[in-house]
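Notes follow the structure.
The values are calculated or read from the model by the stated rules, or taken from the named source; none is laboratory data. Note that the structure is a prediction, hence the values are computed from the model and not measured. Cβ placement follows ideal geometry from the backbone for every residue including glycine, while neighbour counts extend to all protein chains displayed. Note: accessible area is taken over every heavy atom of the protein model, side chains too, but ligands, DNA and RNA are not part of it. Shrake-Rupley method; radii C 1.70, N 1.55, O 1.52, S 1.80 Å.
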Amino acid sequence: MHDLAYFRANLDAVAERLAARGNAPALDQFRELDLKRRGAITESEELKARRNAESQEIARLRREGADTSARQLEVRAIGERVTALEEQVKSADESFRELMTGIPNLPHESVPAGRNAEDNVEVRRVGEPRTLGFEAKAHWDLGPQLGILDMERAAKVTGARFAVYWGAGARLERALINFMLDVHTREHGYKEVLPPFLINSASLFGTGQLPKFAADLFKIEGTDYWLAPTAEVPVTNLYRDETLDGERLPIRLCAYTPCFRSEAGSYGRDVRGIIRQHQFQKVELVKFTRPDQSYAELDKLTDDAEDILRRLGLPFRTVVLCTGDMGFSSAKTYDIEVWLPGQNGFKEISSCSNYEAFQARRAGIRVKSGKGKSEFAHTLNGSGLAAGRTWVAVIENYQQADGSVIVPEALRPYMNAERIVPEE
């Protein structure tokens, strides 16, 4: 959420920056509301000055023994009008705050202008797509042939966009999660946390999913509990309504959670396989920083996520999202895209974002400096990585002509195997 005072005082500049996102919300309602608010403040101040002058005159007349009853009634009426105007200002401020819950974050000045994903800018590419020497299979064919992925039984148990992993497929998913957690905690400096997977509405408001994106979530009927769409939500809200010690920052946390998304509005996209599921597993990286630290920490967070792919020997590229392709709460986002030979293209496997103070303002997360002053913290997060999509990348990149899959060397201690072969 935005700083109310800044938003009101810089409405034209805010409108210009929001317009860069494309489909920016119209601010006419804000302008009209602001005009009424300013008018109420001006009238209130004028009436207060008049009331003070009248009160002084009444006091003088009473000392002289004059009848001031009529003038006292007039002063009382002025006071009632002032009270009504102050309520109008208070109501306007509340309306401002309510309207601002639907206004996205402002893009950082370094974000490239653009309308959609085609305007994203590649910043680096690591590794070259493998030349397999045979026609690559997509994971939705290779997985069932190996007996490690089953979409049909998942659909029977639950419905579309769910998966069952069998045998080595299940072990590979578990190995990836443990590998990621170990690298991030032992080498990248993150503290592991295992948060609740059910979260309340206040938590979803704090990170920006509510109220705008309720249709993308799963809610438990008859409760205020929702299924976590990402560990970003419960982990960020661990410090909701708290003031952090600036000397302790940055705080770096990582968490494994299953994630649940309705994928409203995504129908027709990635309908085959397990790229876009209602339930998937992910290791998330979350940071709390001082404002002056946040962009250096964004670069480090992105590098930490990329490091998982480097260790697995998976080709990838990193792009900075343009203004028209950014998420609602983000000020700047890097997407990491892994190469999938079975689909002959790159697919997003991590989004690493700096939200600046946008989430912290909604969640009430402050940081106190050594001088005793407090300000809103900056929050960051990124997938480190999405386990299901990493599973796909391993299966497709390490497939062999005989239908088996080589296990990347970094995962062999976790899999206790060098190759995945068809399950009997």
Pairwise centroid distance, computed over Cα atoms, of region 284-330 with region 1-72, Å: 43
GluC sites (Glu not before Pro) restricted to region 103-136 and DSSP loop, no more than 15 other C-beta within 10 Å: Glu109, Glu135
Among Ser353, Gln343, Leu321 - extreme Cα towards positive end, dipole of region 315-379, charges at beta-carbon: Ser353
C-alpha long axis of helix 294-312 to longest principal axis of the chain, angle in °: 10
Length added when fully stretched, Asp119-Asp299, from 0.36 nm per residue minus Cα-Cα: 62.7 nm
Per residue solvent-accessible surface (Å²) - the chain, probe of 1.4 Å: 48
Helix axis angle, 69-100 relative to the chain longest principal axis, alpha carbon, degrees: 10
Fluctuation leader among Thr390, Thr42, Thr257 - the chain, Gaussian network, Cα springs under 10 angstrom: Thr42
Gyration tensor (alpha-carbon) shape descriptor, region 180-283, a/c threshold 1.5: oblate
Surface share of carbon and sulfur [accessible, 1.4 angstrom probe, percent] for region 100-145: 46
Accessible surface of region 12-51, 1.4 Å probe, proportion on carbon and sulfur as whole %: 48
Degrees separating the helix 28-63 axis from the principal Cα axis of the chain, which is the longest one: 30
Region 150-269, accessible surface, carbon-and-sulfur percent (1.4 angstrom probe): 52
Top of Ile220, Ile274, Ile336 by mean-square fluctuation, Gaussian network on the chain, Cα under 10 Å: Ile220
Residue of Ser383, Ser350, Ser369 that the Gaussian network model of the chain assigns the largest fluctuation, springs spanning Cα pairs under 10 Å: Ser369
Net dipole in debye of the chain [+1 Lys, Arg Cβ; -1 Asp, Glu Cβ; about Cα centre; nearest 20]: 660
Which listed pairs, of Lys90/Lys373; Lys137/Lys347; Lys191/Lys368; Lys287/Lys373, have C-alpha distances above 24 Å, in listed order: Lys90/Lys373
Region 289-328: C-alpha gyration tensor shape, a/c 1.5 cut-off, then a/b vs b/c: oblate
